[in-house]
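Novice: Input: one structure, supplied below.
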Amino acid sequence: MTTETPVAPWYRQPWFWFLLIFPGASIIYCAVAITIAVSTENAMVTDDWSKEGRGINMSIARDQKAADLGMEARIDFQNRNITVDLNTVDGPADFPYLILNLFHPTLSDKDRTIQFQQVAPGRFAGKLHNDIDGRWYYDLRGPANEWRLKGEAWLPSESGITVKAGESAQG
């Protein structure tokens, strides 16, 4: 006496779906990853790497110049008004103006450049056109671009930012 059990069609077999789920998930993941890679712009990649390599050497020289001058800056934020107190080993810095570049870590279209006018020996004032919030890289330079103070900070900082040549921000 033999009893034949009816066999379910292929699409009702659990092992078929179990074995198909992993390759199917891989195909879907790859399709999504390729779509994202093709449709988004990567502004962080440069194709002129040799020029940037030479620029790195210039940046190191500017950092060294700031260290040689013993530069120290205090950057204070009051709403959209920013003041910079800049000192060297010889006393308050005497420049006609300063430039502060603010770089957003991921979105280059949010980068800002602020020019500061001297209001007193070693004291400079500038103004933001828009509010800033979050993590920023900054680069404070003189008018001849021969030195720079750089760092990273969460802005706006209630207590201000103190930066010395060769050191990171303390806010």
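Novice: Using θ = phi - 60° and the Karplus form 6.51 cos²θ - 1.76 cosθ + 1.60, what ³J(HN,Hα) does each residue of segment 91-98 get, whole Hz, x for Gly and Pro?
Specialist: After applying 6.51 cos²θ - 1.76 cosθ + 1.60, I find x, x, 6, 10, 10, x, 7, 10 Hz.
Novice: Ok, one more. Mind jotting down the three principal axis lengths of the chain based on Cα atoms? Whole angstrom, largest first.
Specialist: Between the extreme Cα coordinates on each principal axis of the chain lie 108, 39, 25 Å.
Novice: About the Cα centre, and with charges only on the beta carbon of Lys, Arg (+1) and Asp, Glu (-1), how big is the dipole of the chain? Nearest 20 debye, please.
Specialist: Values: 16 positive and 21 negative charges, 25 e Å.
Once rounded to the nearest 20, the dipole reads 120 debye.
Novice: Taking the Cβ of Arg135 as the centre, find all other residues whose Cβ is under 12 Å away and add up their charges (Lys, Arg: +1; Asp, Glu: -1).
Specialist: Details: positive: Lys110; negative: Asp133, Glu152.
Summing Lys/Arg as +1 and Asp/Glu as -1 gives -1.
Novice: To the nearest 20 debye, what is the magnitude of the charge dipole of segment 112-171 about its Cα centre, counting +1 on the Cβ of each Lys and Arg and -1 on the Cβ of each Asp and Glu? Don't jump to the answer; show the numbers that get you there.
Specialist: Values: 8 positive and 7 negative charges, 39 e Å.
The dipole of segment 112-171 has a size of about 180 debye.
Novice: To continue, here is another question. For Lys150, list the aspartates and glutamates whose Cα falls under 12 Å from its own Cα; do not include residues on the same chain fewer than 8 positions away.
Specialist: Reachable aspartates and glutamates: Asp63, Glu72, Asp139, Glu167.
Novice: Turning to a different aspect of this structure: Give the angle, between 0 and 90 degrees and rounded to the nearest 10, that separates the Cα long axis of helix 14-39 from the longest principal axis of the Cα atoms of the chain.
Specialist: In the chain, helix 14-39 runs at an angle near 30 degrees to the longest axis.
Novice: Angle between the Cα long axis of helix 49-69 and the longest principal axis of the chain, 0 to 90 degrees, nearest 10?
Specialist: 40 degrees
Novice: Let me ask another. Kindly state, to the nearest 0.05, the FRET efficiency for Asn101 paired with Ala61, given R0 = 22 Å and r defined as their beta-carbon distance. Show your work: numbers first, answer last.
Specialist: Working: r = 18 Å, r/R0 = 0.80.
The computed FRET efficiency comes out at 0.80.
Novice: A follow-up question, please. Place +1 on the Cβ of every Lys and Arg and -1 on the Cβ of every Asp and Glu in the chain, take the dipole about the Cα centre, and give the residue among Thr88, Gly151, Tyr137 whose Cα lies farthest towards its positive end.
Specialist: Tyr137
Computed from the coordinates by the stated procedures, all read-outs in this text should not be read as laboratory data. None of these values were measured; they are calculated from a predicted model. Glycine gets a Cβ as well: all are built from the backbone with ideal geometry, and neighbour counts include every protein chain shown.
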